[in-house]
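I have placed the structure first, in the form of structure tokens, so that the comments after it can refer back to it.
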Amino acid sequence: MTLPFWLEILVSTCLILGSLFALVGSFGLARLPDFYTRLHAPTKATTLGVGGILIGSALYFSHQDFNLSIHELLITIFLLITAPVSAHLLAKAAMHQELPQMHGTQGEALLKAQGHSQVQSNERQAEEKKDSEKGGDSTTASHKIT
Amino acid sequence: MLMQVVPVAMGIFCVALLLNLWRLLIGPTLPDRILALDTMYINCIALIILYGIWQGSNLYFEAALLIAMLGFISTVAVCKYLLRGDIIE
């Protein structure tokens, strides 16, 4: 069973794009600084990547079996439904365990008001304040120069 | 051309799985490890589908669907355990 050339190009593009998206997701999982940012990469990029692979597979088997192949669509829809649910539960578990968040996270003040803030992030914040004061001084100085 | 593209995509997924394994091993906290396992099963689904294309066989969808359902349920169960200290109350 040989595929027509245009269909082969289409399936190959879907496969390569999907695998690259999945690689980006896993790379983000390995490299991003804290848990909440790490949660972004697999739940978005990897789901999209696997969706691309499944679309490529659906095109291939639709041509091979001479009818529309629904199985892959089933898996795609299932993954699209379950990925946000599991991400939400993981984020809730992380909030429950009070994992430290990266400095600059929105709503950090609210967490601090609830007594959830970490010593580490407080220290970082203090350093940042010092840095910003220095930065402010330098910018005013540059203003004077100009 | 497809028969050259499928091994390349499989190689990329193997690299992705190795990155996930690295996060699973060094992950500083428990939710990190759960997230790494979650990503690993999603990547395994893609590897199985790619193997199905490589073999030209329709047989592997059921395996992929089973892995998807069991992986989701296990992630939810472990998250519930972390949240409540119990799975079924």
*Can you pull the one-decimal nm distance between simple spin-label points at B:R33 and A:L7, each 7 Å off the Cα toward Cβ?*
4.7
*Pairs of lysine in the protein assembly as shown with Cα under 26 Å and at least 8 positions apart or on different chains: total?*
11
*Hey, what angle do you get for helix B:61-84 against the long axis of chain B, alpha-carbon based, 0 to 90 degrees rounded to 10?*
20
*Any idea what the alpha-carbon Rg over 2.2 N^0.38 Å comes to for the protein assembly as shown?*
1.27
*Accessible surface of chain B, 1.4 Å probe, proportion on carbon and sulfur as whole %*: 74
*Share of carbon and sulfur in the accessible heavy-atom surface of segment A:1-49 [1.4 Å probe, %]*: 79
*asked:* Probe of 1.4 angstrom, ligands and nucleic acids ignored: what's the accessible area per residue over segment B:2-84, in square angstrom?
replied: 46
*Quick one: check the C-alpha center-to-center distance for segment A:92-106 versus segment B:1-52, whole angstrom.*
26
_Using a Förster radius of 22 Å, what is the FRET efficiency between A:L73 and B:Q55 based on their Cβ-Cβ separation? Nearest 0.05, please._
0.60
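The values are calculated or read from the model by the stated rules, or taken from the named source; none is laboratory data. This structure is a prediction, so every number in the text was calculated from the model and none was measured. Note that we place each Cβ from the backbone using ideal geometry, even for glycine, and neighbour counts take in every protein chain shown. To get the accessible areas, we keep the full protein, side chains included, count just its heavy atoms, and leave off ligands, DNA and RNA. Shrake-Rupley method; radii C 1.70, N 1.55, O 1.52, S 1.80 Å.
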